[in-house]
Structure formats: C-alpha cells, structure tokens
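The values are calculated or read from the model by the stated rules, or taken from the named source; none is laboratory data. What you see is a predicted model; the values in this text were computed from it and never measured. Using ideal geometry, Cβ is built from the backbone for each residue, glycine included, and neighbour counts are taken over all protein chains shown. These area figures cover heavy atoms from the full protein model, side chains too; ligands, DNA and RNA do not enter into them. Shrake-Rupley method; radii C 1.70, N 1.55, O 1.52, S 1.80 Å.
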Amino acid sequence: MAKKASSSSPSHSGAFVWTRKDIVGLDELSAREIVHILDTAESFKEVSTRSIKKVPALRGKVVALLFFEDSTRTRMSFELAASRLSADTILFSSRGSSVAKGETTLDTARNIEAMGVDVLVIRHKQPGAPHMLARKLRTPVISAGDGPHEHPTQALLDIFTIRQKLGRIEGLKVAIVGDIAHSRVARSNIIGLRKLGAEVTVIGPPTLVPSAIAAMGCRISHNLDDVLGEVDVINMLRIQFERFGSNQFPSLREYSRLYGLNAERVAMCKKNLLVMHPGPINRGVEITSEIADGPNSCILQQVTNGLAIRMAALYLVSQGKE
Amino acid sequence: MKRILTAKQVTSAMGTLYRSVVAQLPDDSTLAVIGIRTRGKTLADRIVRRLREDHPALHIEFGVLDITFYRDDLSRRRGVPLVRATEIDFNLDDTWTLLVDDVMETGRSIRAALDALHDFGRPKVIRLAVLIDRGGREVPISADFVGKTIKAPQGKRIQVRLKEKDGEEGVFIIPKP
C-alpha cells in the first residue's frame with residue numbers, strides 16, 4: 001500500500017517502529033500496528049518465491065508451539081513460518097501430556113519458558129489464555145486462537161489477502177456469513193476490518209448471530225440475498241458441526257439453501273467479488289464446489305498468505321523487545 | 001549536521017566510481033547490478049541507466065537487496081522498522097555481479113549482503129562498489145570500486161543524500177543516533 005510514498009521516508013527519521021511484545025488479538029493493536037504487520041508480511045512473501053526459501057532472521061531462536069486445542073493447518077503454517085525464518089520449533093500438544101496430569105496452563109508455559117524459548121505460539125480453548133500468558137511471561141506470545149474469542153493471525157491474513165486483491169481496505173463492504181456467535185475468525189475480522197475503515201455486515205440465522213455483536217460496529221442481517229448486490233468481499237465461515245446439537249437450525253439443507261454461497265448468488269454480486277473461507281470447507285454446505293474453486297475464490301491464496309503473515313508476526317515479536 | 005561534500009563533489013565521486021567500474025566490465029557474462037536498500041539502490045539505478053546508454057550491447061540486470069534479515073545485530077536493536085522486499089527476479093548464477101552501497105564503514109552490511117546473495121544463486125564474480133569509504137572496518141572486507149575515500153571521526157555517521165530520495169545531493173556528518 002502506498003509503496004512509493006512510504007519508501008521515501010527513511011527508517012531513521014521517525015518512521016513507525018514496532019515495539020509490542022505480543023500479538024494476542026486485534027483488539028489490542030492499533031490500525032498503524034496492523035498495517036505494519038501487513039507491510040512486513042509483504043516483504044516475507046518474496047522469501048517464499050525464492051529457490052532457497054529461508055532467511056536467517058531468527059537463526060538460533062526457538063519457537064514453542066503450545067497447542068492446548070487441536071489444530072492442523074494453523075500449526076503447520078506456524079511451523080513452516082518459523083522454519084523459513086531459520087528458527088527451531090518445539091511442539092507441545094495437550095493430548096497425552098502433563099495437562100492430562102493436572103498441570104495448569106501457566107505452569108506448563110512457565111516450564112517451557114524455563115527451557116529457554118524465544119517465542120510462544122499458543123492455541124487454547126479458554127478465551128483470554130494467551131493474554132494471561134502474555135502478562136505473566138517475559139517471552140513474547142502470539143495467539144493462534146483462543147476459544148471463540150480471537151484468531152488474530154487468521155484475520156490478519158484475511159485482511160492481507162483483501163488488500164492484495166482489491167488494493168485497499170478503507171471503504172470496502174465486507175460480509176461475514178455463518179456462525180458468528182462461536183467464531184473467533186469472525187470476531188477478529190470484524191475488529192481488524194473496522195479499525196482499517198471497512199464496513200462489515202454479519203449474516204446468518206438469528207440463533208448464530210447474537211444481536212449484541214452490533215456493538216462491535218457491524219450491521220446485522222438475516223437475509224443473505226439482501227446484501228449480495230453491494231458487497232466487495234464475502235467471507236464464508238464453516239459450519240462447525242462438532243459444536244452443535246441439533247437445535248441451532250432446522251437442517252443443513254435449509255441452512256445451505258438460506259445461507260450457502262452458490263453460482264446463482266454470486267451472479268447477483270459485483271463482478272470482482274472476492275470469495276473467502278478460512279477452511280476447512282464443507283463443500284455443498286456453506287459454499288458449493290463451483291464457487292470455492294471458481295474465479296472469485298481466493299481461498300488458497302489465503303493459505304499462502306498465512307505463511308507470510310505468521311513469518312511477520314514471529315519476526316516482529318521476537319525483535320520488538322530485548 | 002555538517003556538509004562534507006557538495007553536490008558537485010558527489011557528481012565527481014560518482015564519475016570516478018562509474019569509470020572504475022567500466023574499466024573492468026566483463027565482455028561475455030551477464031552483468032547484474034544490485035543495490036543495497038535504500039541509497040545503494042538509488043546509486044545502482046544511476047549506474048544501470050548510464051551503462052545502458054553507454055553500452056547498449058551489454059546485457060544488464062538490475063536488482064535490489066534488503067539485508068535486514070541477514071544482519072548480525074538484529075536482536076541488539078530496539079524496535080523493528082519496516083523491512084522491505086528484496087527484488088531479484090532473474091537468475092544470479094554465473095553473472096558478473098556488482099553490489100552497490102552508499103557508505104562503507106564496518107563492512108558488516110556487506111557481509112550480510114553476501115550471505116543474502118548466496119540464497120539467490122551463485123554469481124561467477126561479485127564486485128563491490130561504494131560511493132564513500134569512510135574507514136572503520138570490523139571485518140576483513142574491502143571495496144573494489146570507491147567513489148571517494150574520506151577520513152570520518154569515529155562515533156559520527158556519514159549520510160549520503162541523493163536527489164531522488166532526499167531532494168538534494170551531498171554528503172554530511174551527523175551524530176550517531
């Protein structure tokens with residue numbers, strides 16, 4: 001963004017400098033900090049195009065991945081990001097570990113910190129767990145998702161992808177569709193997009209879209225077709241079967257009919273509509289294969305960009321304070 | 001801030017640098033001119049423009065290197081300024097590579113730049129051109145082409161200002177931040 005203008009301000013003359021120790025949520029970050037992460041990620045994208053996809057920025061440092069909740073792609077993305085920065089990684093997952101023996105999260109983290117790690121990446125079921133660790137530990141902490149609260153790196157990569165594809169964030173109209181109530185991706189996206197000046201509408205059945213969410217500065221709609229004509233971006237959230245009993249909506253078929261993205265609906269949208277999805281996709285439920293694999297979709301670019309965002313996050317927090 | 005070279009003297013130093021590079025140009029291999037951000041890029045750009053005019057038959061590639069990730073003092077600095085991308089979108093293998101920077105002091109930036117270049121390929125030859133050599137080496141690296149050598153007091157910073165970036169030409173002594 002504004003490459004020409006910003007490159008003319010030399011770093012020694014009061015340009016923005018990152019000093020934050022942790023990235024635990026977008027709520028804590030200023031718009032300027034969010035843009036700084038995006039700009040830094042821009043530089044890291046180039047590294048992934050080299051034949052030797054590695055820079056020595058974090059050589060000799062250790063990144064500990066603490067996954068108190070299962071994750072495959074976010075963990076792999078962080079692991080690969082760390083390795084492209086030449087850091088070593090150690091993995092802790094709560095299954096079959098000391099957690100099963102009754103150790104608290106803080107004790108686990110303190111033990112791992114005592115081994116001499118440089119960055120902690122944490123995913124936890126409990127909202128606020130990364131924030132608590134960030135306060136209690138000297139080691140920088142990056143959140144890889146805390147329950148239904150926030151998933152900062154996912155929102156950052158979403159915003160990064162939008163900026164890459166549409167050239168800006170300010171003034172864009174973004175729709176987030178699906179289970180807003182339980183979605184940390186939705187929350188972080190709303191916070192980040194609002195800070196950068198986008199208009200956000202959240203859409204879904206009333207059982208999955210609490211009216212209190214309007215307090216975050218977004219519009220609420222229960223009718224997808226009403227907003228299709230005006231939006232620049234649609235972010236389709238996954239329906240998380242595993243979290244539901246059967247009482248959130250009558251049937252998957254009905255959900256799909258009312259809130260699924262398909263060719264007829266995309267035809268009602270702007271031509272250059274951007275279709276996003278944080279994955280994993282339930283094909284035929286919230287999005288049809290035709291659209292997920294179609295020309296408007298940037299779902300796989302989101303994954304690619306996730307790597308650059310996580311490299312930027314690891315790099316910034318590990319250099320921010322010494 | 002004290003001026004030590006005028007715009008005219010910068011032009012003259014630039015001329016000296018250019019002529020010494022031209023005197024040693026290869027006849028057969030591709031020439032890759034790579035500027036180290038930020039002012040090295042501007043200088044490299046000037047060299048490439050002039051070479052393309054004077055030697056239209058020469059095959060010249062132009063690249064930009066950001067050495068931030070390769071510095072050995074990364075974790076000694078407070079705060080993180082914005083890192084910019086390296087732009088080398090051609091094959092470095094077997095090229096005659098000219099690395100360009102504005103001021104050479106400790107030699108550590110060049111050490112970092114050589115490391116960075118290795119990740120992009122294996123040039124046949126790497127030569128180093130700097131506009132100002134101010135002395136103060138901390139590693140055994142020296143420049144092949146120098147615009148002007150000056151004796152600068154330790155503890156001061158030499159700043160090159162260029163039209164394209166700073167709106168004026170000149171070399172200044174400023175206190176180290």
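List of remarks:
- Qualifying positions in segment A:101-131 - over 19 Å from A:Val62 (Cβ atoms) and crowded, with 18+ Cβ neighbours inside 10 Å: A:Thr105, A:His124, A:Ala129, A:His131
- Residue match in segment A:55-78 (condition: within 10 Å of chain B (Cβ to nearest Cβ), in a loop (DSSP other than H, G, I, E, B), open to solvent by 60 Å² or more (accessible area, probe 1.4 Å) and on the phi > 0 side of the Ramachandran plot): yes
- Screening B:Tyr18 against (1) part of a helix (DSSP H, G or I); (2) within 12 Å of another protein chain (Cβ to nearest Cβ) leaves a single unmet condition, (2).
- Sole exception among (1) more than 22 Å from A:Ser297 (Cβ to Cβ); (2) open to solvent by less than 10 Å² (accessible area, probe 1.4 Å) for A:Val202, by number: (1)
- For segment B:116-154, filtering for residues that are open to solvent by less than 60 Å² (accessible area, probe 1.4 Å), outside any strand (DSSP E or B) and among the small types (Gly, Ala, Ser) leaves 6.
- Screening A:Pro295, A:Pro280, A:Pro250 for residues that are modelled with pLDDT under 95 and closer than 22 Å to A:Phe160 by Cα leaves exactly one candidate, A:Pro280.
- Qualifying residue in segment B:7-23 (condition: open to solvent by 60 Å² or more (accessible area, probe 1.4 Å) and over 23 Å from B:Ala152 (Cα atoms)): yes
- Residue tally, condition under 20 Å from A:Val231 (Cα atoms) and of a type in the set (A, V, I, L, M), over segment A:253-312: 14
- The residue of segment A:273-299 that is surrounded by the fewest Cβ atoms within 10 Å (Cβ to Cβ), among those that are within 14 Å of the chain's Cα centre (by Cα) and among the hydrophobic types (A, V, I, L, M, F, W, C), is A:Ile299.
- Residues that are open to solvent by 30 Å² or more (accessible area, probe 1.4 Å), touching a helix residue (DSSP H, G or I) at 6+ places or on another chain (Cβ under 8 Å) and in a helix (DSSP H, G or I), drawn from segment B:83-115: B:Asp115
- Pick from segment B:155-177, criterion open to solvent by 30 Å² or more (accessible area, probe 1.4 Å) and of a type in the set (Gly, Ala, Ser), ranking: nearest to B:Val22 (Cα to Cα): B:Gly167
- Residues that are assigned to a helix (DSSP H, G or I), out of contact with any Asp or Glu (no Cβ under 7 Å at 6 or more places or on another chain) and within 14 Å of chain A (Cβ to nearest Cβ), drawn from segment B:21-49: B:Lys41, B:Asp45
- Restricting segment B:66-82 to residues that are open to solvent by less than 20 Å² (accessible area, probe 1.4 Å) and at pLDDT below 80, the residue that is farthest from the other protein chains (Cβ to nearest Cβ): B:Leu74
- If you go through segment A:155-182 and keep only what is surrounded by fewer than 23 Cβ atoms within 10 Å (Cβ to Cβ) and either under 15 Å from A:Leu26 (Cα atoms) or of a type in the set (Gly, Ala, Ser) (or both), you end up with A:Gly167, A:Gly171, A:Ala181.
- Considering residues of segment A:291-322 that are part of a loop (DSSP other than H, G, I, E, B) and either more than 14 Å from every other protein chain (Cβ to nearest Cβ) or small (Gly, Ala, Ser) (or both) only, the residue nearest to A:Val121 (Cα to Cα): A:Cys298
- Any hit, segment B:50-62, residues being in a loop (DSSP other than H, G, I, E, B), more than 21 Å from A:Thr49 (Cα to Cα) and either open to solvent by less than 20 Å² (accessible area, probe 1.4 Å) or within 10 Å of chain A (Cβ to nearest Cβ) (or both): no
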